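Report on one structure; see the data block that follows.
Each reported figure results from applying straightforward, stated rules to the coordinates on display, with no laboratory input. Note that the coordinates shown come from a computational prediction; the quantities given were computed from them, not determined experimentally. Backbone-built Cβ (ideal geometry, glycine too); neighbour counts: all protein chains shown.
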Amino acid sequence: MPNEPKSPKVSEIAKDLAKSFDSSVVANWYSNIVGFLSGSRSFYVLLAITGLVVFVSSMAALNAVNTGYRHAYNVTREIPWGILISTYVFFVVTSTGLCIVSSIGHVFGMKDFMPIAKRSVFLSVVTIFGGFTVLFFDVENPFRMALYNVISPNLTSNIWWMGTLYGAYMFFMAVEFVFLLLEKHKLAMYAGLSGLLSGIAAHSNLGAIFGMLHAREYWYGPYMPIYFIVSAMASGCAAIIFFTWLGYKVNNERMDKSMERAMEVVGKLSTLLLAVIMFFTTWKIITGLVASPGKVEAIKALLTGPYALNFWLFEVLIGMAGPFVLLLYSRWKNLGMMFTASLLMIIGIFVMRYDLVVIGQVVPSFHDLGVKESLHLLPYIPSFHEIMVVVGGIGIVAVAFLLGEKIFAGHKSEIH
Amino acid sequence: MNLKKTDFETLKKDKMEKVSPIERREFLKIGLAISGIFAGGTILSVVSNMNKVFASPEEFAGKYPYKPHYGMVIRQDRCIDCERCMEACVMTNDVPEYGYRTMILEKEVLDAIGQKKEFIPVLCNHCNNPPCVRACPTKATYKDKKTGIVMMNYEKCIGCKTCVVACPYNARYFNEEKHAIDKCNFCFDTRISKGEKLTACAAACPAGVRIFGDLSDTNSEAYKLIHQLARPVWVLRPEVGAKPNVFYMKG
């Protein structure tokens, strides 16, 4: 392709990078840190509270490590994946979504999406870090993971692909953020594209972890990887609206025209994606009701069983219908209303992940056999320790967000 | 479907005794074909299930991929739930009180005539197509190339518990002492590799429920029990397609 822009040579990149590290950039950051130190009192109060949350929950998490997960957590042999896995999924879904939605601007060049890029990329690194932190306290031997993932890889395992690709993703996104800070937009674009590709591959593998378990009827099938990508975009849109609105509050500033426009397009995209998710959910349920007995049981647990409140109140009303109506009503101009919608979406999606992970396991393995051990749905309620790890993960994201807003001065881009 | 066309007009139909055996057979064939279509194979399920089960060894008949190809036949109706197999397993394999490698499920049918309860022993099925092995990210669980036993390399286990979720037979649990997932390995390390012929559970069973053996050996009892047509043989959850090596039968 002759018209394609030539990729910059390594030496040029190095030269450019060296140039960018001149005194002005450092001085800029320095002044930002000073600015951070002279932040408003409410900012410090907020930072102190979130910091305290992280501290307390990390104590609880370390206590869980000490006492052993079998005692500290309520996961069982039959339901080994609980709220920690669903929270991990929630965070990485959000991260991938932030990456995908922001890439519309800084990778594919749609001007309207440009202003949200920096904050989104920063938050995608933060949320995936939060996710991995939660996963760290779920996996029994996380340190072995680093070693044996490399020296004993199983290429048929979706977990292996997910871990490896998310590793690459995290690296590319971090690199992209640095390039964005240095205003190296071309390089940021390449890093962003690499991040996007590895992120989508990783995320569909995360869906496939569930979708390829043929012993679990509720999950099995191609639905999961596809649904994960679509719902990731919805999560990403919600996170962008939520954190951008909050960011401007934290910095006590008003949005300029281009940012308002960005919020409008992201809001419209959210509305579209909500409609798509409603469509997905509807057909998941309708097909599930005429499936094999195990799947029908799982769907019934969701619709009329112990998870009915989660489904109808949190997933449907708070997660889909509520924000959909609010977004339409806001006409994508009323930022307060859009913020409320995004908050509702985030809460709803969190519960959605929980239901998705837990309900896949509540129908006993020998359900069809009609034995005494598998006549009823299996119970699971998160323990105190599990909830604290989840709170800690949310706390980490909150602290990092607050610090990011001050240190990187509202993630403003100089080029509009 | 290739059905022979029967001309009904030419059939004698006034007197039943005059119906020739051939006509009778033709008629039954049509009925069978129709009911087969509508029942979607349900009516034929006894036959087709047996074929399915039989298919597992049949595919490898004479060319079992493993030598010895270990498997177990469970003569379900003989089980009296004495749990000596479970005790023997715990003693032999150092299984903690919070876990188990083998278990006896209980089925109660209150409106059954006569006997109202039956017991179904379960353990790892050492599948030919094991979902756990596919899912493990670090090859900590693997299918032994020689014996076909699904084994654990405890050192490599990261404790992600994907194999536990992947297993259709609830055969896996996290062992705190081993810091890894633990499961039945047909007593390979504790007995079989030391020259014993039976697993601890099979040796302990007083009712001859668990017949452990080499399926690739045509003289083994396990082989003979599976490769016959007189009594139905089945596996648990055949729809998963894991191709288990633990077979069930009655009588």
query: For the range B:119-251, what relative contact order do you get, as a whole percent, if you take Cα pairs closer than 8 Å and at least 6 residues apart?
result: 23 percent
message: Per-residue counts of other Cβ atoms within 10 Å, averaged by peptide: what ranking do you get for A:197-207, A:66-76, highest first?
response: A:197-207, A:66-76
query: Roughly how big is the range A:39-411's charge dipole about its Cα centre, with Cβ charges of +1 (Lys, Arg) and -1 (Asp, Glu), in debye to the nearest 20?
result: 680 debye
query: For B:M249, A:M263, what's the fewest-to-most ordering of other Cβ within 10 Å of each Cβ?
result: B:M249, A:M263
Average other protein chain Cβ within 10 Å of Cβ, residues B:172-184: 2
- request: Quick one: give the max-minus-min coordinate of the C-alpha atoms of the range B:143-212 along each principal axis, largest first, in Å.
  value: 37, 24, 23
query: How many Å³ per residue does the convex hull of the Cα positions in the range B:45-249 occupy?
result: 132 Å³
message: On C-alpha positions alone, give me the angle between the axis of helix A:158-181 and the longest principal axis of chain A, in degrees, nearest 10.
response: 20 degrees
message: I'd like to compare A:168-175, A:311-318: which one has the highest average count of other Cβ atoms within 10 Å, and what's the full order after that?
response: A:168-175, A:311-318
field: Simple spin-label estimate for A:A146 and A:I49 in nanometres, 7 Å along Cα-Cβ
entry: 3.5 nm
query: Whole-Å semi-axes of the range A:209-358's equivalent ellipsoid, largest first, each the root of 5 times a Cα gyration tensor eigenvalue?
result: 33, 14, 12
- prompt: On a 0 to 90 degree scale, rounded to 10, what angle separates helix A:257-289 from the longest Cα axis of chain A?
  reply: 10 degrees
query: How would you rank B:R134, A:R254, going from fewest to most other Cβ atoms within 10 Å of each one's own Cβ?
result: A:R254, B:R134
Entries in B:K145/B:K178; A:K333/A:K406; B:K116/B:K224; B:K107/B:K156; A:K186/A:K406 that, when Cα-Cα distance is taken, lie over 32 Å: B:K107/B:K156
task: Take peptide B:101-111, look around each residue's Cβ out to 10 angstrom, count Cβ atoms belonging to other protein chains, and average those counts.
output: 2
message: Suppose every Lys and Arg Cβ carries +1 and every Asp and Glu Cβ carries -1, with no other charges. What dipole size does the range B:106-251 come out with about its Cα centre, to the nearest 20 debye?
response: 320 debye
statement: Final fewest-first order of A:L303, A:L356 on the 10 Å Cβ neighbour count is A:L303, A:L356
field: Rg/Rh for chain A, where both radii come from Cα atoms and Rh is the Kirkwood radius
entry: 0.98
message: As I understand it, the value is the acute angle between the Cα axis of helix A:335-362 and the longest principal axis of the Cα atoms of chain A; what does it come to in degrees, rounded to 10?
response: 40 degrees
task: Quote the relative contact order of chain A in percent (integer), defining contacts as alpha-carbon pairs under 8 Å separated by 6+ residues.
output: 27 percent
- prompt: Across peptide B:136-145, what mean number of C-beta atoms from other chains lies inside 10 Å of a residue's C-beta?
  reply: 6
- prompt: Looking only at A:S152, A:S235, A:S258, which one moves most when chain A is put into a Gaussian network model with springs between Cα atoms under 10 Å?
  reply: A:S152
statement: Semi-axes in Å, largest first, for the range A:154-212 (Cα gyration tensor, √(5λ)) are 27, 9, 7
